[in-house]
Amino acid sequence: MKVVTSIPEMQEASSSLRRAGKSIAVVPTMGYLHNGHLSLVKIAKKNSDVVITTIFVNPTQFAPHEDFDKYPRDIEADKAHAQSAGTDILFTPDVSSMYPENYLTYVEIEKISKVLEGKFRPSHFRGVATVVAKLFNITQPHIAVFGQKDAQQIAIIKQMVRDLNFNIKIVVGPIIRDHDGLALSSRNVYLSPQERSEAIVLHQSLELAQQIIHSGARHSHEIIDNMMKLISSKPSAQIDYISITDAETLSELSTIIPATEVLISLAVRIGATRLIDNIIVNA
């Protein structure tokens, strides 16, 4: 595995690979790699000749009060994990090269970036779209692989790819969960043992919603009320939102239409740690 930190070097490497007829897949991450990330690298490996994994904790997607400074980092462990999963090139730029002095250009996707996570983190998706567009231009991939846990992010990136004519195929990997159902996340490291045991309620509430829908319920408020009761039974849990939307457009659904795919997503604070999760249900 080759480690690249320079943007020009990464661009030249990608250009050379393309000239040689190699297909490139990129897996953008913020590091502190876990099995969820590594599952995406393995998907990328199956769908390309060369896998580029990027590690960059992107400051523009964090609000001033959020956890940019304390976001978990372990670059040496990340190198070992990335290599073991099949990464060919690990790209690890620094902030000053990605956002040099007098940086002024940002990518903003309208409408779908203002709902769900966008309501609670107003500048978040502008930062996400900007850094992903930059990474696409730097790594020049044919394929980009993202995880389903960030469902809204995927919808936004797909919209950007269509609107800005990136010739890139977006591949989505399934959510990877721990043995008890908790979705793997770098932020899980913040949880105390008690909070960790309570955090499984997120997945339990999504499974409950799926069961209620499959039993015939079609009114979103009924499903959400049941989810809220379950989550609120945990002392450390504070709900930011629970939402039922069209899986593709992210439009809120008051009534679930049969034979459609719905995205049930939530953000819950377990103690001081904010976790997200989701499930797609075919009604």
Tally the DSSP beta bridges in the chain and give the antiparallel ones as a percent, rounded to 5.
55
Measure out, as a whole number of angstrom, how far apart the alpha-carbon centroids of the stretch 84-152 and the stretch 33-48 sit.
18
In nm², the average projected area of the convex hull spanned by the Cα atoms of the stretch 192-283 is 5.3
Model label zone, ASP69; criterion: amide N under 19 Å from point 7 Å along Cα-to-beta-carbon; scope the stretch 170-193:
190
For the stretch 69-108, what number results from the quotient of the Cα radius of gyration and 2.2 N^0.38 Å?
1.58
Candidates (i) 18.0; (ii) 23.6; (iii) 15.1; which is the computed mean projected area of the Cα convex hull in nm²?
(iii)
Extension gain (nm, one decimal) between LEU104 and ASP246, 0.36 nm per residue minus Cα-Cα
47.7 nm
Using r as the Cβ-Cβ distance of MET228 and GLN83, and R0 as 41 Å, what FRET efficiency do you calculate, to the nearest 0.05?
0.40
In the stretch 121-264, what % of DSSP beta bridges are antiparallel (nearest 5)?
55
Within the stretch 55-76, find all residues whose amide N lies under 12 Å from a label point positioned 7 Å from the Cα of ARG187 along Cα-to-beta-carbon.
62-63, 66-68, 71-72
Can you give me the distance in nm between label points at LYS119 and ARG177, each placed 7 Å from the Cα along the Cα-to-Cβ direction?
2.5
Share of Cα-Cα pairs in the stretch 136-269 lying beyond 19 Å, as whole percent:
58
Considering only protein heavy atoms and a probe of 1.4 Å, how much of the accessible area of the chain is carbon and sulfur, as a whole percent?
51
I want to check the label-to-label distance for LYS22 and THR255. Put each point 7 Å from Cα in the C-beta direction and report it in nm to one decimal.
5.5
Determine the calculated [θ] at 222 nm for the chain from helices alone, applying -39500 (n - 2.57) to every DSSP H run no shorter than 4 residues and normalising by the residue count; nearest 500 deg cm²/dmol.
-11000 deg cm²/dmol
What is the stretch 38-113's relative contact order, in percent, from Cα pairs under 8 angstrom and six or more apart in sequence?
43
For the stretch 239-283, what class follows from the C-alpha gyration tensor (a ≥ b ≥ c being the square roots of its eigenvalues): rounded when a/c is under 1.5, otherwise prolate if a/b is larger than b/c, else oblate?
prolate
Given the options GLN211, GLN159, GLN61, which has the most mean-square fluctuation in a GNM of the chain, springs set between C-alpha atoms less than 10 angstrom apart?
GLN211
Relative contact order of the chain, please, whole-number percent, based on alpha carbon pairs below 8 angstrom and at least 6 residues apart.
17
Any idea what the relative contact order of the stretch 1-71 is, in percent, if you count C-alpha pairs under 8 Å spaced at least 6 apart?
30
Let me know the Kirkwood hydrodynamic radius for the stretch 35-108, please, with Cα pairs as the basis and the value in Å to one decimal.
14.2
Please work out the Kirkwood hydrodynamic radius for the stretch 70-156, using every pair of different C-alpha atoms, and report it in angstroms with one decimal place.
15.2
Work out, step by step, the length gained on full extension between ASN35 and ARG218: first 0.36 nm times the residue separation, then minus their alpha carbon distance; give nm to one decimal.
62.4 nm
To the nearest 10 degrees, the tilt of helix 75-85 (Cα long axis) against the first principal axis of the alpha carbons of the chain is 90
Taking the stretch 1-139 as the region of interest, what is the percent of Cα-Cα pairs per 5 angstrom bin, listed from the shortest bin to the one with the maximum distance?
2, 10, 18, 20, 20, 16, 10, 4, 1, 0
Subtract the Cα-Cα distance of GLN194 and SER15 from 0.36 nm times their separation in residues, and report this length gain in nm to one decimal.
59.5 nm
Can you give the translational diffusion coefficient of the stretch 117-170 in µm²/s, computed by Stokes-Einstein from the Kirkwood radius over Cα pairs at 25 °C and 0.890 mPa s?
212
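The values are calculated or read from the model by the stated rules, or taken from the named source; none is laboratory data. Quick caveat, the model's predicted, so the values are computed rather than measured. With ideal geometry, Cβ positions are generated from the backbone for all residues, glycine too; neighbour counts draw on all protein chains shown. Each accessible area value is taken on the protein alone, full model and side chains, heavy atoms only, with ligands, DNA and RNA left out. Shrake-Rupley method; radii C 1.70, N 1.55, O 1.52, S 1.80 Å.
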